[in-house]
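Q: Here it is, the structure in full.
The values are calculated or read from the model by the stated rules, or taken from the named source; none is laboratory data. All figures in this text were calculated on a predicted structure; none of them were measured in a lab. All Cβ positions, glycine included, derive from the backbone under ideal geometry; neighbour counts span all protein chains shown.
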Amino acid sequence: MKFNKTSLIIGFFTIIFFIIAYYLWKLWIYIVVAAVISLILNPLNLLLMKIHIKQHYLPSFIRAGLLLTTFWFFFFLIAYLVFPLIVNKIYSLASINPEILNNKVSVPLDNVRKFFYSLGLLNQENSNLSQFIVNKFLETFNISNIQNIFSQFLSTIIDIIVALFVISFIAFFFLKDDKLFVRTILKFVPVEYQTEVKHVMYCISKMLMRYFSGVVVDMVIVFILITIGMLIVGCDFNTAIMLGIVAAIFNIIPYVGPIISFSTGMMVGFLSNIQFDLYDVILPQMIYMTIVYLTVNITDASIIQPYIYSNAIKAHPLEIFLVILSAGLLAGVIGMMIAIPAYMALRIIAKEFFYQFYIVKNLTKNM
């Protein structure tokens, strides 16, 4: 195989590009987050484009500034209202007397220990599961550890401010000029492929806009349903709001997210009622909370998410499951979160440039 001078130059600069991209990974994260924000706000941007007085329309920079200001206002308003609730709940859990916790869990866990020992799953007959759980609880909800976490968080506040500024700056120009990203990509594309690439970028942008807008709507619905459900079963207002926020955030992670939010809810429900009787109050309360989680998650998985995914992806549920599972095995939780939008983009690219292949025709026939 012969390599001419042009191929060597292209290969050299490609390697340099990837090396620089590796060391500037934070910048790529900022660009991706800014792009997601602009895609979420783009439907509102399109509505603002239609507003006019006679022949005068809103300038693009005013539209972009207005949308970003509104977005960050609601973001910080939610954070201002929710963050104290979470902090207070964590400190209240940390103040629980370990002796009370040990007394509550020792009897049921003793029965569990005997059962596991009879099956040969425990090596020691006197294994103390309740003390193990209490020790883990004390390690997790230790006041000094919690204070260290918050102090570390405060120490990174400057990095957070810089990130918000950079993300806002990039998102502003994405909203001000919705074709900026496409034009930038086309500068690196040969002329003979620019029409196809432009079409691909338009389709990807359109589908991602529908997908991320649907994800936001899904989060809001899950938050409302979980919060109302927890209030109905007897949780106090602060706990219900906190569990609703946790469920909405973790719902972004396919399959694993609902399990994490459910586990968090069960722990909070148990510890919040630790002063009451285990069988008369705590277990019934946890059963009611379980019913809420199962009802909301089944409704979300069977009605809300399929509607979002079918409109955005137009792929079979098994196909989506395998894609998410593969991404999770390759890149963990982050891979599961970006699996669907990345798969959407790859399907569009494959349909445009590799449609002659049989497998591509089958995977993209419904697009």
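Q: Can you name the condition, by its number, that residue 232 falls short on among (1) farther than 17 Å from residue 217 by Cα; (2) in contact with a Gly (Cβ under 7 Å, 6 or more places away or on another chain)?
A: All conditions pass for residue 232, except number (2).
Q: Shifting gears a bit: Considering only segment 289-307, state which residues are within 13 Å of residue 221 (Cα to Cα) and either modelled with pLDDT under 75 or among the small types (Gly, Ala, Ser) (or both).
A: 301
Q: So is residue 310 modelled with pLDDT under 80, assigned to a helix (DSSP H, G or I) and surrounded by fewer than 16 Cβ atoms within 10 Å (Cβ to Cβ) or not?
A: Considered against the rule, which asks whether it is modelled with pLDDT under 80, assigned to a helix (DSSP H, G or I) and surrounded by fewer than 16 Cβ atoms within 10 Å (Cβ to Cβ), residue 310 comes out as yes.
Q: On to the next question. Looking at residue 34 and the list (1) at pLDDT 85 or above; (2) more than 17 Å from the chain's Cα centre (by Cα), which single condition is not satisfied?
A: (2)
Q: Still on this structure: Just give me the residues in segment 146-195 being farther than 30 Å from residue 47 by Cβ and at pLDDT 80 or above, in sequence order.
A: 161, 162
Conditions (1) within 18 Å of residue 28 (Cα to Cα); (2) of a type in the set (Phe, Trp, Tyr), marked per residue:
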residue: 181; (1), (2): yes, yes
residue: 191; (1), (2): no, no
residue: 199; (1), (2): no, no
residue: 202; (1), (2): no, yes
residue: 206; (1), (2): no, no
residue: 209; (1), (2): no, no
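Q: For segment 193-215, give me the residue count where each residue is surrounded by fewer than 16 Cβ atoms within 10 Å (Cβ to Cβ) and in contact (Cβ under 8 Å) with a residue 60 or more places away in the chain.
A: So the answer is 2.
Q: So, in segment 339-367, of the ones that are assigned to a helix (DSSP H, G or I), among the β-branched types (Val, Ile, Thr) and surrounded by 13 or more Cβ atoms within 10 Å (Cβ to Cβ), which residue ends up modelled with the highest pLDDT?
A: 340
Q: Does segment 224-240 contain at least one residue that is within 18 Å of the chain's Cα centre (by Cα), without any contact (Cβ under 8 Å) to a residue 40 or more places away in the chain and crowded, with 16+ Cβ neighbours inside 10 Å?
A: The answer is no; no qualifying residue exists.
Q: Collect the residues in segment 241-266 that are without any contact (Cβ under 8 Å) to a residue 24 or more places away in the chain, more than 15 Å from residue 301 (Cα to Cα) and surrounded by fewer than 17 Cβ atoms within 10 Å (Cβ to Cβ), keeping them in residue-number order.
A: Matches in segment 241-266: 260, 263, 264.
Q: Looking at segment 176-194, which of the residues that are among the charged types (D, E, K, R), out of contact with any helix residue (DSSP H, G or I) (no Cβ under 8 Å at 6 or more places or on another chain) and assigned to a loop (DSSP other than H, G, I, E, B) is nearest to residue 67 (Cα to Cα)?
A: Checked segment 176-194; the qualifying residue nearest to residue 67 (Cα to Cα) is 179.
Q: Report yes if some residue within segment 279-298 is more than 30 Å from residue 92 (Cα to Cα) and part of a helix (DSSP H, G or I); otherwise report no.
A: The answer is yes; a qualifying residue exists.
Q: So residue 274 ticks every box in (1) at pLDDT below 80; (2) closer than 24 Å to residue 87 by Cβ; (3) in a helix (DSSP H, G or I) but one. Which box is left unticked?
A: With respect to (1) at pLDDT below 80; (2) closer than 24 Å to residue 87 by Cβ; (3) in a helix (DSSP H, G or I), residue 274 is out only on (3).
Q: Can you name every residue in segment 267-306 that is surrounded by 14 or more Cβ atoms within 10 Å (Cβ to Cβ), over 18 Å from residue 231 (Cα atoms) and in contact (Cβ under 8 Å) with a residue 60 or more places away in the chain?
A: Result: 274, 278, 299, 300, 304, 305.
Q: Go through segment 22-79 and count every residue that is surrounded by 13 or more Cβ atoms within 10 Å (Cβ to Cβ), closer than 14 Å to residue 164 by Cα and not small (Gly, Ala, Ser).
A: 11
Q: Those residues that are of a type in the set (Phe, Trp, Tyr) and under 30 Å from residue 339 (Cβ atoms), I need them from segment 220-277; list them, please.
A: 223, 250, 255, 262
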